[in-house]
Amino acid sequence: MTHRILILGGTTEARQLSRLLGEDGRYDVTLSLAGRTRAPAAHAVPVRVGGFGGAEGLAGYLREYRTDILVDATHPFAARISGNAAVAAALAGVPLLVLRRPEWRPVEGDRWIEVDGVAQAVAALGTEPRGVFVALGRQELAPLEAAPWHRYVIRSVDPVEPPLALPAATYLLARGPFGLDDELALFERHRVEAVLAKNSGGEATYSKLEASRKLGIEVFLVRRPALPEVASAATPVEAMTMVSHLAVSLAKRGV
């Protein structure tokens, strides 16, 4: 019996899970992307791009395509999508599994200041001009304009358009993973004195925190938002196992 699986993606883990499931003949997998990245990485399964129209729209999609399992493998800060996924799964009567990478934890030598949002992080930078490395999504950069006295180095996957109203901003286009030596060189080249990032977790971009630790740089780290309490996996392999168990359970029920 083939089970239809919809993965809400946009993360490295979603891509890895879709490949694992796609290679298994028991599953018919579709990966859904929001479409915010102009040139997404290649995927091994059919891809759907665009929103669903909220929880009701997603529930309708699950019913229409007779989806058996919904996997939320979106970014840990995609709170609205995760909330919609939980509601939609309940409305459609479809099992929901979350694939969410563990958050980063401070270790000895880290100089973290944890905040609840980007605006709070920008305020916490203070009034003394600094060189600030920024690793945020393009849609989250507007609060930087409230502190134009800093010198910003902004790294993103897609161009920041239009550029921010800042007198000193350098834009870097790059997609992780990033190596420690590369991050150290970047921080020294741009005279970085503070780092502004979200607690996204995972290995692909952790090197910026390692580099900050080695150089004694302060990190202003945005805490994760509150997310629905749902059965979750920390890795694609763990999620694969949970999907397999769900599929067995569904098969026994004749679903």
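Rule-based calculations on the coordinates, nothing more; no lab input. The structure displayed is predicted, hence computed values, not measured ones. Cβ sites come from the backbone with ideal geometry, for glycine too, and all protein chains shown count toward neighbours.
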> Is the shape of region 112-222 rounded, prolate or oblate, going by the alpha carbon gyration tensor and its root eigenvalues a ≥ b ≥ c, with a/c under 1.5 for rounded and a/b larger than b/c for prolate?
Replying inline: rounded
>> What's the magnitude of the charge dipole for the chain around its Cα centre, counting Lys and Arg as +1 and Asp and Glu as -1 at the beta-carbon? Answer in Debye, nearest 20.
In response: 460 debye
> On the first, second and third principal axes, largest extent first, how far apart are the outermost C-alpha atoms of the chain in Å?
Replying inline: 65, 34, 30
> Given the C-alpha centroids of region 109-126 and region 232-255, what is the distance between them in whole angstrom?
Replying inline: 39 Å
> Which value results when the Cα radius of gyration for region 1-134 is divided by 2.2 N^0.38 Å?
Replying inline: 1.29
> Given H placed on each backbone N at 1.01 Å, which residues far from residue 32 in sequence or on other chains put an amide H within less than 5 Å of it?
Replying inline: 7, 8, 9, 48
> Can you tell which of 126, 163, 5 lies farthest toward the positive end of the dipole of the chain, using +1 and -1 charges on the Cβ of basic and acidic side chains (Lys, Arg; Asp, Glu)?
Replying inline: 5
> Using modelled amide H (1.01 Å from N, peptide plane; none on Pro or chain starts), what sits under 5 Å from the amide H of residue 131, excluding residues fewer than 5 places away?
Replying inline: 151, 193, 194
> What is the set of long-range amide H partners of residue 115 at a cut-off below 5 Å, with H atoms built 1.01 Å from backbone N?
Replying inline: 221, 222, 223
>> If neighbour count is taken as other Cβ atoms inside 10 Å, put 183, 238 in order from fewest to most.
In response: 238, 183
